[in-house]
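Comments concern the structure below.
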Amino acid sequence: MRATGWVAALLWATAAAPAIAQDAFPNRAVSIIVAFPPGGVADITARPTAAALEKILKQPVTVSNRPGAAGAVGNAAVANAKPDGYTILMALSSISVIPAADELFNRKPAYSLDQFAPIALISADPTILVAHPSLPVKTLKELVALARAKPGQLSYSSSGIYGALHMPMEIFLHAAKLKMRHVPTTGGGPAINAILGGHVELTAGGPAAISGHVKAGKMRPLANWGANRHPSFPNIPTFKELGYKDVEYYIWAGMFAPRGTPDAVMMVLRDAARRAVQEPDFKRAMANVDSLVQYMDAPEFQKYWEADAKRLAALVKVVGKVEDKK
C-alpha cells in the first residue's frame, strides 16, 4: 500500500509539473510597443533593450511600432492591453503631455496616466536644436535674428502636435517671441527625415536620434535644452547659458506595463530591466548614439514621472492650444 501510494504521488507530481511551469512568467514572447515609427528615440532605445531582455528572460522580446497621434495610439494600446506582462510600452516623456492636451481641448482622453505601471526609466537626455547645413546660421543668436527678419518663414519638424519634439520648440519660440512654421509628422524618425531631406530647416532631437547625422555633417547643432552641456556635445551651449532661463526640456524613455499587472510579474520585469541596462551590448549600443543611460527602478521612476508630468502639464497650458493646420 505504501509503495502504491508513493507511485501515485510521483505520477501526480510528474503530471502537475508542466502545469506549474506553464504558470511561470514569461513562458512565451514579450512584446515591447513603441508608439512611433522607427528611427526615433523610443525605437532606438527599445531595440537594444529588447535584445538584452531576451538574454535575461530566455524568451523572444519583440519591438512593435504603432505610431499615430504623437504617440497616443500606441500608448493607448498598452493602456488597454491585458495586464499580464506580455505587452509593455517603451514610452517617451510625451506620454504625460497627451492627456494634458486632451484636457486643454476638452476632448475625450486617449488614455489616463493611472492606466500605466512604471517598470523602469532607461534613458534621459536633453533635446538638442539642430539646423539643416544650408541654413545660413551657426549660432542661436544668428538663428533668432534670421527668424525675426523672416517671421513665419522658417519651418521645423516634430514628432506630432504636443509630442516630445514639438513641446521644446514651442517653449523656445514662446520665450524668444518668434514665429515659425510647424510641420508635424508621425514620429521622431520622420521628423529627422524631414530635415535630412531639406523639407524643413530645423528640428529638436534627442542625442540618440541626431548623433550620427551631426557627426556626418548633415545637421548643425545650435543649442541644448538641458541644465548642463551634454558630454557628447561639449561645444553646444545650453539655452540657459544663452539667456533663456526658463527654456529646459528632456526627452526620456521608460518602460511601462498596464496597471493591474500582477506584482510577481512586475518584479520579474523590474529585475530584468535592472540587469538589461548592465549588459555590455546594451551599454555599447546606447553609447554609440550618445544617449545617457539614467536607470531608475519603479519606485524612484514613479516619483520622477509624477513630478515631470506635473511640470509638462503646466507647460501645455503655457503653450496653449495648437491646431494641426494641415
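The values are calculated or read from the model by the stated rules, or taken from the named source; none is laboratory data. Remember, predicted model here, so these are calculated numbers, not experimental data. So basically every Cβ, Gly included, is an ideal-geometry build from the backbone, and we count neighbours across all protein chains shown. With ligands, DNA and RNA removed, areas are computed over all heavy atoms of the protein, side chains included. Shrake-Rupley method; radii C 1.70, N 1.55, O 1.52, S 1.80 Å.
So the values come out like this:
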{"item": "Top-ranked residue in region 49-81 [being modelled with pLDDT of 95 or more and closer than 18 Å to I251 by Cα; ranked as surrounded by the fewest Cβ atoms within 10 Å (Cβ to Cβ)]", "result": "G74"}
{"item": "Which listed residue is touching a strand residue (DSSP E or B) at 6+ places or on another chain (Cβ under 7 Å), over 22 Å from V30 (Cβ atoms) and modelled with pLDDT under 95, from D324, D308, D290, D246", "result": "D324"}
{"item": "Spans of strands (runs of 3 or more DSSP E) in region 61-147 with at least 1 residues under 23 Å from V277 (Cα atoms)", "result": "61-65, 87-92, 116-126"}
{"item": "The lone exception for F116 - which of (1) open to solvent by less than 10 Å² (accessible area, probe 1.4 Å); (2) over 13 Å from the mean Cα position of the chain (by Cα); (3) under 30 Å from S232 (Cα atoms) it fails", "result": "(3)"}
{"item": "Residue in region 179-197 that is more than 24 Å from R66 (Cα to Cα) and surrounded by fewer than 16 Cβ atoms within 10 Å (Cβ to Cβ) present", "result": "yes"}
{"item": "Residue tally, condition touching a residue at least 40 places away in the same chain (Cβ under 8 Å) and over 26 Å from the mean Cα position of the chain (by Cα), over region 141-158", "result": "3"}
{"item": "Helices (runs of 4 or more DSSP H) wholly inside region 153-263 that include at least 2 residues being closer than 26 Å to A91 by Cβ and touching a Pro at 6+ places or on another chain (Cβ under 8 Å)", "result": "188-196, 207-215"}
{"item": "Verdict on H230 being open to solvent by 10 Å² or more (accessible area, probe 1.4 Å) and in contact (Cβ under 8 Å) with a residue 40 or more places away in the chain", "result": "no"}
{"item": "Complete set of residues in region 272-326 that are closer than 26 Å to M167 by Cβ and aromatic (F, W, Y)", "result": "Y295, F301, Y304, W305"}
{"item": "Tabulated pairs, region 198-213, first under 14 Å from S134 (Cβ atoms), second among the charged types (D, E, K, R), C-beta under 9 angstrom, 6+ apart or interchain", "result": "V200/R181"}
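Residues checked against (1) out of contact with any Leu (no Cβ under 8 Å at 6 or more places or on another chain); (2) within 25 Å of M167 (Cβ to Cβ); (3) crowded, with 19+ Cβ neighbours inside 10 Å:
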position: A208; (1), (2), (3): yes, yes, yes
position: H213; (1), (2), (3): no, yes, no
position: K218; (1), (2), (3): no, yes, no
position: G243; (1), (2), (3): yes, yes, no
